[in-house]
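Structure first, then comments.
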Amino acid sequence: MNRTPQARIRRALNPLLVTVVIGVALAANGQPILRLTSGATTKTITDNGVGDIYPTLGIVDYLGPVGTWSVNVVGKTMPAFGSTSSPYLSLAITRDTPGTSSLKLEFTETGFSAGHFSLSDVFGGTGFSGVTLTAWADTADTPFGHNTLLGTFSYGTGPFNGSNVDLKSFSSAFSLTLEFDITSSTGSTITSTMKGTSVPDAGATGLYLALGLTPLVFFGVRLEFGRRTLRRRGQVIPQ
């Protein structure tokens, strides 16, 4: 079938347009990155990159060795969970074979929108020992950025669970990072999930209330001053 020159051009451009659309979507959502470190070994897995066994955008799933460890580590974020205006970051590990050195897991996402958020982190685990969980935000919107500590929790042995809530205001785009530092393993799983809920700006609200009440306070002072003046003059004070 003969095609017009316009049709041939459209057909040739279709794959390019699909690539551009996918690239724009990835740029808007940032680039989820999972980083695993044990001893001298560091593995960095990007969303849908080498080592990511799960094809859905927003889920980075690694299964395999890290130094002498054998693990399954999964990070979840937008667009699969949450969005730029509803931050979501989750990190989980299932240990298959414990290693002989420490293990650090980090999962990060950039491109969360400026705003005022209640950031809640719910975490728990079974059996691991010598674990520190840390949550970070970064106002420079840098992957694995650490300029704002949201919370940290350490425990020794046995099962554990807990939560942390932090109110934060961001004037520009920001990144979030979850970090697990594990010194030894006799257990099976650790999970941590951070969610952000947009809330009114408490600081601005307080300022507006203060500004709104200022005339009333001033009026009250003037009224009390007037009453005291009338009392000294022996005049009747209207109520």
For the range 42-184, with the dipole built from +1 on Lys and Arg beta-carbon atoms and -1 on Asp and Glu ones, taken about the Cα centre, which of Thr77, Phe160, Thr56 lies farthest toward the positive end?
Phe160
Inter-site label distance for Val199 and Ser101 at 7 Å from Cα along Cβ, in nm
4.2
Applied in sequence order to the range 167-174, the curve 6.51 cos²θ - 1.76 cosθ + 1.60 (Karplus, θ = phi - 60°) yields integer Hz couplings, x standing for Gly and Pro, of 9, 9, 10, 10, 8, 8, 4, 9
Ratio of Rg to Rh for the range 31-198, alpha carbon only, Kirkwood?
0.95
What is the sum of charges around Glu179, taking Lys and Arg as +1, Asp and Glu as -1, for the other residues whose C-beta is under 11 Å from the C-beta of Glu179?
0
Could you calculate the contour length gain from Ser169 to Ser188, that is, 0.36 nm times the residue separation minus the distance between their Cα atoms, to one decimal place in nm?
3.3 nm
Highest-first arrangement of 101-114, 43-56, where packing means the average Cβ count within 10 Å:
101-114, 43-56
Cβ-defined net charge surrounding Leu119, 11 Å radius [Lys, Arg +1; Asp, Glu -1]:
0
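Pulled fully out, how much extra length does the chain show between Asn147 and Ser86, if you take 0.36 nm times their separation in residues and subtract their Cα-Cα distance?
Residue separation times 0.36 nm, minus the Cα-Cα distance, leaves 19.9 nm.
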Let me check I've understood the local charge: for Pro87, count other residues with C-beta under 15 angstrom from its C-beta, Lys and Arg +1, Asp and Glu -1. What total comes out?
-2
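Rule-based calculations on the coordinates, nothing more; no lab input. Computed from a predicted model, the values in this text were never measured in an experiment. Glycine gets a Cβ as well: all are built from the backbone with ideal geometry, and neighbour counts include every protein chain shown.
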